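Structure first, then comments.
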Amino acid sequence: MHDKITVPAIAARKGQGPRVTMVTAYDYTFACLLDRAGVDVLLVGDSLGMVVQGQASTIPVTMDEMAYHVRLVARARPRALVLGDLPFLSYQVSPSEALRNAGRLIKEGAEAVKLEGGLAQAATIEALVRAEIPVMGHVGLTPQAVHRMGGHRVQGRCEESRRRVLEDARAVAQAGAFAIVLEGVPLDLAREVTRELSIPTIGIGAGPFCDGQVLVMHDLLGLDAGERREPRFIRRYARFGAGVVRAVQRFGDDVRSGAFPNDAESYHAPGSELHVSGTNRRIETAAEMQDWADGQRAAGLKIGFVPTMGSLHEGHLELVRCARRQADRVVVSIFVNPIQFDREEDLLAYPRDLERDLALLRAEGVDAVYTPRAEGMYGDDFATGVEVDRLASGLCGAHRPGHFRGVTTVVSKLFHAVRPHVAIFGEKDFQQLAVVRRMARDLDFGVEVVGHPTVRESDGLARSSRNARLSAEGRRLAASIPAACDEVRMALAGGVRAADALAETFRAVLATQAPLARVEYAELVDPDSLDALARVEAPARLVVAVWLDGIRLIDNVLLDPADTTPTRLAPVERTTTSPRAGTTPVTMVPSPLHAARRG
Ligand code: AMP
């Protein structure tokens with residue numbers, strides 16, 4: 001696959017394939033890209049007269065111009081064969097002039113040349129071949145003969161024209177060309193020529209029976225502003241012209257609004273306090289969000305997405321940074337989703353501070369913030385729900401009826417609006433991560449769901465918007481949750497394997513350190529299926545939910561039996577021995593009194 005493509009290699013494709021692919025190239029960058037895509041032949045075509053120079057035909061193109069473009073393409077040192085087009089009047093005057101001009105393209109880096117014409121050019125082709133310059137012929141619609149043809153017209157439609165194309169093709173092959181382009185001829189004629197000649201035929205507007213196909217790069221990629229006519233033989237593989245217009249329009253918008261460049265895109269002198277405050281786009285409807293996402297996708301940009309319920313903290317911001325590393329554009333949604341709350345008082349008390357959130361996201365250079373309104377998300381007649389069986393039924397699912405249905409329904413809607421390539425979810429909500437990952441997979445969302453480790457306060461408490469609702473004493477006691485998780489890990493490292501005993505360790509530590517706390521559940525589960533385990537013999541997850549101060553706090557940690565020296569989540573001032581059987585209440589230091597407070 002990586003061998004250099006040579007003239008004999010192209011000639012050898014005749015009859016045995018694979019079919020030859022040829023695309024025009026006019027400069028270094030596109031030559032590199034087309035070569036990377038595995039094209040066989042890069043034709044530095046005189047079509048550059050039209051697509052690069054904006055002329056009405058190929059006739060004005062000069063030898064100097066062709067030599068220049070051959071040089072640019074050859075600098076890509078492509079695996080593909082570099083084929084240089086001989087422009088109008090560079091070979092028609094005499095074989096010796098043709099030789100000098102063809103030789104010049106070869107000196108610039110072409111490995112073969114192409115010229116138009118059949119019988120009339122046979123002697124010239126012979127002369128070039130005698131001088132060891134490989135030649136590709138070109139018959140049928142020959143654009144340099146635009147005036148004789150009366151326009152770019154399909155040839156070989158009548159008997160007389162058909163006979164001429166056949167004779168021309170034979171003459172080219174006989175003169176020693178290694179391949180021939182058949183342009184603008186009916187498919188049956190192309191098939192006849194292909195069957196008869198012993199050299200590969202490369203078609204353009206010549207039907208599917210040729211030994212290869214060629215397209216002008218700009219046609220293939222849709223690199224125009226939509227003004228070029230589209231002959232039927234062109235297949236568009238992209239519409240990059242429209243993408244270019246949209247991208248540059250967006251650049252203009254950003255410059256005018258001050259959104260470009262942002263702080264991350266600016267240089268700062270050491271000690272300078274000057275920073276760009278930045279702006280990001282706020283979007284409130286699904287239709288506008290989809291439109292924005294489609295624009296990014298059409299431009300080939302990767303969208304990373306972080307769904308949140310706002311009241312942002314460092315945990316959310318770490319997810320945003322993770323998205324930034326994985327994608328070109330980052331979207332954060334802020335939506336307190338009413339249908340995932342099983343208790344109305346929890347919904348009403350959920351902390352909200354949109355202006356602060358927007359400022360934090362601006363500072364992170366987030367590109368768009370999606371803040372749908374509840375009325376827009378769920379109309380009065382909203383009737384659809386997305387549910388994941390099994391995974392969503394235990395743990396939080398068992399204690400919060402309808403919660404995960406609410407989560408998967410809203411995440412579906414958010415995925416459809418934001419159309420992300422990758423979405424980042426926190427491991428803090430371990431069951432949610434598993435449920436969303438399964439939903440995305442089962443329903444073919446085409447979104448990669450990435451989990452991010454839990455971000456903690458310095459006393460080990462998992463950061464959560466709900467922490468703000470704890471009283472000072474509740475906040476102090478909340479650190480017992482990671483501390484109890486630590487003790488479970490220590491017990492595991494000490495050899496305890498029974499899930500009951502490990503869960504009991506958690507409860508015992510909490511009962512000692514935070515007697516007012518109520519453990520809703522503490523379970524050891526398989527990290528993928530979330531099935532409850534009887535013993536921990538392979539990496540497992542301890543998942544817990546604890547009520548404290550009327551607030552429900554959740555946490556989870558990895559339990560790896562192979563890890564004999566687990567690192568602690570919570571700092572310990574005075575270590576205790578781990579309970580071996582997990583039944584003995586542990587004496588542990590109270591959680592640090594100087595626990596760091598939320599910022
Ligand atoms: P929320 O705003 O609570 O719905 O959370 C939005 C996202 O942030 C979810 O994917 C959470 O799992 C994630 N998240 C919340 N807190 C943390 C944290 N402390 N560490 C990592 N991710 C978190």
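The values are calculated or read from the model by the stated rules, or taken from the named source; none is laboratory data. None of the values given here were measured: they were computed from a predicted structure. Counting neighbours? That spans all protein chains shown, and the Cβs are built from the backbone with ideal geometry, glycine included.
In table form, for the structure just shown:
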| item | result |
| --- | --- |
| Condition broken by residue 145, with the remaining ones in (1) touching a residue at least 12 places away in the same chain (Cβ under 8 Å); (2) touching a helix residue (DSSP H, G or I) at 6+ places or on another chain (Cβ under 9 Å); (3) not polar (S, T, N, Q) satisfied | (2) |
| Qualifying positions in segment 308-320 - near the ligand (Cβ under 6 Å from one of its atoms) and either assigned to a strand (DSSP E or B) or hydroxyl-bearing (Ser, Thr, Tyr) (or both) | 308 |
| Residue that is farthest from the chain's Cα centre (by Cα) [pool: residues in segment 337-368 that are surrounded by 17 or more Cβ atoms within 10 Å (Cβ to Cβ) and within 11 Å of the ligand (Cβ to nearest atom)] | 350 |
| Condition broken by residue 325, with the remaining ones in (1) farther than 17 Å from residue 356 by Cα; (2) of a type outside the set (Ser, Thr, Tyr); (3) not in a helix (DSSP H, G or I) satisfied | (3) |
| Residue 356 being closer than 12 Å to residue 311 by Cα and basic (Lys, Arg) | yes |
| Search result, residues across segment 448-484 that are among the charged types (D, E, K, R) and either more than 9 Å from the ligand (Cβ to nearest atom) or in a strand (DSSP E or B) (or both) | 448, 456, 459, 469, 473, 475, 476 |
| Residue that is nearest to residue 112 (Cα to Cα) [pool: residues in segment 23-80 that are among the basic types (Lys, Arg) and touching a residue at least 40 places away in the same chain (Cβ under 8 Å)] | 79 |
| Selection within segment 43-83 - assigned to a strand (DSSP E or B) and in contact with a Leu (Cβ under 6 Å, 6 or more places away or on another chain) | 43, 82, 83 |
| Residue within segment 373-396 that is within 13 Å of the ligand (Cβ to nearest atom), surrounded by 19 or more Cβ atoms within 10 Å (Cβ to Cβ) and not assigned by TED's automatic domain parsing to the domain that holds residue 551 present | yes |
| Any hit, segment 284-300, residues being over 30 Å from residue 194 (Cβ atoms), surrounded by fewer than 16 Cβ atoms within 10 Å (Cβ to Cβ) and outside the structural domain of residue 407 (by TED's automatic domain parsing) | no |
| From 203, 207, residue being surrounded by fewer than 19 Cβ atoms within 10 Å (Cβ to Cβ), touching a helix residue (DSSP H, G or I) at 6+ places or on another chain (Cβ under 6 Å) and small (Gly, Ala, Ser) | 207 |
| Residue, farthest from the ligand (Cβ to nearest atom), within segment 433-447, restricted to residues that are aliphatic (A, V, I, L, M) and not in a helix (DSSP H, G or I) | 443 |
